[in-house]
Amino acid sequence: MATAAAAAAAAFSPLRRRLPLHHRGRRLLAVAAALSPEPPAPTPTTSPPPPPRKGYFPKRNEVLELTCEGLAFKGKGVCRVDGSTFVLLCDGALPGERLLARVRRIRRGAFAEAAKLRTLEPHRDAVDAPCPLAADCGGCKAQSLAYAAQIRHKHLQVRELLVNFGKFDPRKMESSEPDAILKPIVPCDEIFRYRNKMEFSFGTKRWMQREWKEEKDDEVVKEEKVEGDGYSLGLHAPGFFDKVLHVEKCLLQSEPADKVLAIVQETWLDPALGLTPYDVHKHVGFLKHLMIRTGRNITTGAPEVMVNFVTSCYKPELLEPLVNNITKIPEVVSIMNNVNTSVGNTSVGEEEYTLYGKPTITEMLRGLTFQISANSFFQTNTKQADVLYKLIGESAGLKGDGSEIILDLFCGTGTIGLTLARRAKHVYGYEVVPEAISDAQKNAKLNGISNATFVQGDLNKINETFGKEFPKPDIIISDPNRPGMHMKLIKWLLEVKAPRIVYVSCNPATCARDLDYLCHGVEEKDLKGCYELKTVIPVDMFPHTPHIECICVLELC
Ligand SMILES: C[S@@+](CC[C@H](N)C(=O)[O-])C[C@H]1O[C@@H](n2cnc3c(N)ncnc32)[C@H](O)[C@@H]1O
C-alpha cells in the first residue's frame, strides 16, 4: 500500500529521474514527505464523511473525487481521495480545491497521476486568472491562486524539503523560533510584467485552447484540438515540441514587448509576404523563433527593447516588412537576426546580423551596468534579481575592508561576483559556458572592476588540481542550475573548509540534498559534514510559476 511518504516522493519523482548518477543510492524516498500539506478549506457537508479508506488503491481511468492538499514539484496539486493516504498528482489542481479527476497513470504502485476534469468546489484562495490562456499555456500554472497563497505554498514546500530531505530539525523551520533557520519567503512586488525576456516560437500546427465536452456518463473531459495547418506564433503547448499555442499578448513581459508581439502577429501572416514558419518535422520553412528582451537605457532609465528573429537561413529581404513595422515602436533600439541552419530548435544562431540599431542593450543591477546581447544569459526578473543580489550580498557577510577572497561558482556572466567585487580583495568566477565567461570579462571592464578573474571550466569534472589556481576562499558563492552540485564539488567543498558558503539555488529539492551532504556528510562516500546551516531565505522570483529560489548560508563548524 502506498504510504504518505512514498506517495509524496512521487511528487518529486522527476527529481529522482533527473538526479545524476553520482547522487543515486541516496535514500531519495526521503524526499517523499516533501509535499506541502495544508488543511483543505472547510467544505459544507450534508452527510458524515466516509470512513477512512486506508488500503485504497486507484485503478487506471477511474474517475475520482479528490481534495488537493498542497503543491509539489512543477506546481502539480498533491491530491487524495477523502480518508485515504494514497497520493494522486494532478496538474492544475490548487490547494483546498475539491475536484473530479481521471486516473491516468499509476507510478510504481507508489502514487498516481490524474487529469483534472472539473472543479467541484474551488479553494477560498481561488482568483480569476487575468490571462485567458493561463490554464493552457503551462507557463503560469498558479495564476488562478491568490498570490498570498502561492507564496505560502512555496514556503511550505521549502520547509518540507529541508525537514524530510535535508534532515534538518523541524523546530528550526518555524519563523517564530528565535534561532529559526528558515526565514519568511520574500515575495515579488510586481507579479505581472516582470520578465525581461520572452522567447516565442513559430509553428505550423496551431494548438487551440482545449475545449470542454460533455460525455454520455455526465463526465466532463478536456479535449485537445490541433488546427490542421494553422500557422502559429506563441508558446509551445505543454509537452509538445511541434504544437504552438497562439499568443497575442503575454502578461509576464513588458508593455513595449507586448507591442512588438502584436505588430509581428499583425504582419507575419500576410500571405503576400511569403513568410513561412519552420516545420520541425519536415525541416522546411523560414521563421523559427521570436525573442524579445527588455533592458534599460543607463542614462535615461527608459526601457530599451531588442527583437531577435531566429531564422533557418539569411534572407533579410523577407524580414524587411517586419523590421519596418517594428521600428515604429519607439522603445525598440535593436533588431537582430540569428541564423540557425541546424535541424535543432535552439535559438542560438551560428551567425548573427544586426538588422536595425545596435547589437546590444543595457541593464542595471545593484548599481552596475550590464551589456546584453541576443544570446547573453541575464537574470530574467531584473527587479527581483536586484532584491536577490542584495540578500546574497548581506548573506556573504563581507567585512568590507577589501581583504577577502570570493569564489563565485557557476558564475554565469559574473553578475553576483561583480556586485561584490568592490568590497572584496579578489573574485574568482567559474562557469562552463565560454560565451558567459567572455561576457563576464566584458562586464568587469565596463564597470571598471579589475579584481575579478573569470575562468571557463566544468565544475562536474574537477580534479585534484582544482583550487590550486586561486588562494583559499573566505566566502564561496555557489549558484548551480537545477541538478545542483556534483559529488566531486561537494567533496571539494568539504575539503576546502571555507569559513562561509552562500548556496543560491533554483531547485529546493536538490538544494536540500546538497545542504544535507555539506552539513551531515555522505555516509556512502565516507565524507563527514563540516558546515552548519545558518539561514535559508526563500525568494519568489517568478510569480504564478512553480519556481522557487533559495539563499542558504552555511558556516564552518
Ligand atoms: C543558475 S545559473 C547562475 C548564473 C549566475 N550566478 C547568475 O546569477 O546570473 C547557473 C550557471 O551555471 C552554469 N553551469 C551549469 N553547469 C555547469 C558546470 N557543470 N560547470 C560550470 N558551470 C555550470 C550555467 O551555464 C549557468 O550560467
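The values are calculated or read from the model by the stated rules, or taken from the named source; none is laboratory data. Quick caveat, the model's predicted, so the values are computed rather than measured. Heads up, the Cβs are rebuilt from the backbone with ideal geometry, glycines too, and the neighbour counts pull from every protein chain shown. In case anyone asks, the SASA skips ligands and DNA or RNA and just uses the protein heavy atoms, side chains included. Shrake-Rupley method; radii C 1.70, N 1.55, O 1.52, S 1.80 Å.
Before moving on, here are some points about what is shown:
- Gained length - E435 relative to N460, 0.36 nm times residue gap less alpha-carbon distance: 7.2 nm
- Directionally averaged projected area (convex hull, Cα atoms, the stretch 371-473), nm²: 6.8 nm²
- Gyration tensor (alpha-carbon) shape descriptor, the stretch 197-365, a/c threshold 1.5: prolate
- Net charge of neighbours whose Cβ lies under 13 Å from the Cβ of L459, counting Lys and Arg as +1 and Asp and Glu as -1: -2
- Pairs from the list K59/K243; K74/K525; K197/K358; K425/K491; K468/K491; K390/K472 with a Cα-Cα gap above 22 Å: K59/K243; K74/K525; K425/K491; K390/K472.
- Accessible-area composition of the chain, carbon plus sulfur, in percent [1.4 Å probe]: 53 percent
- Ellipticity estimate at 222 nm from DSSP helix runs (n ≥ 4, -39,500 (n - 2.57)) divided over the chain, nearest 500: -6500 deg cm²/dmol
- For the stretch 381-556, the Kirkwood hydrodynamic radius from C-alpha pairs, put into Stokes-Einstein at 25 °C and a viscosity of 0.890 mPa s, yields a diffusion coefficient of 150 µm² per second.
- Theoretical gain in end-to-end length, F470 to E523 [0.36 nm per residue, Cα-Cα removed]: 16.1 nm
- Accessible area of K116 in the full protein assembly, 1.4 Å probe (Å², nearest 10): 50 Å²
- Lys, Arg +1 and Asp, Glu -1 on Cβ, resulting dipole of the chain about Cα centre, debye, nearest 20: 1340 debye
- Solvent-accessible heavy-atom area per residue, rounded to whole Å², over the stretch 197-365 at 1.4 Å: 46 Å²
- Pairwise Cα separations in the chain fall into 20 Å bins from 0 onward with the following percentages, short to long: 20, 50, 29, 2.
- Partners of K497 within straight-line reach, counting aspartates and glutamates whose Cα lies under 17 Å from its Cα and excluding those fewer than 8 residues away in the same chain: E404, D408, E464, E469, D474, D514, D516, D526, E532, E555.
- Dimensions (Å) - the stretch 276-415, Cα atoms, principal axes, largest first: 58, 35, 21
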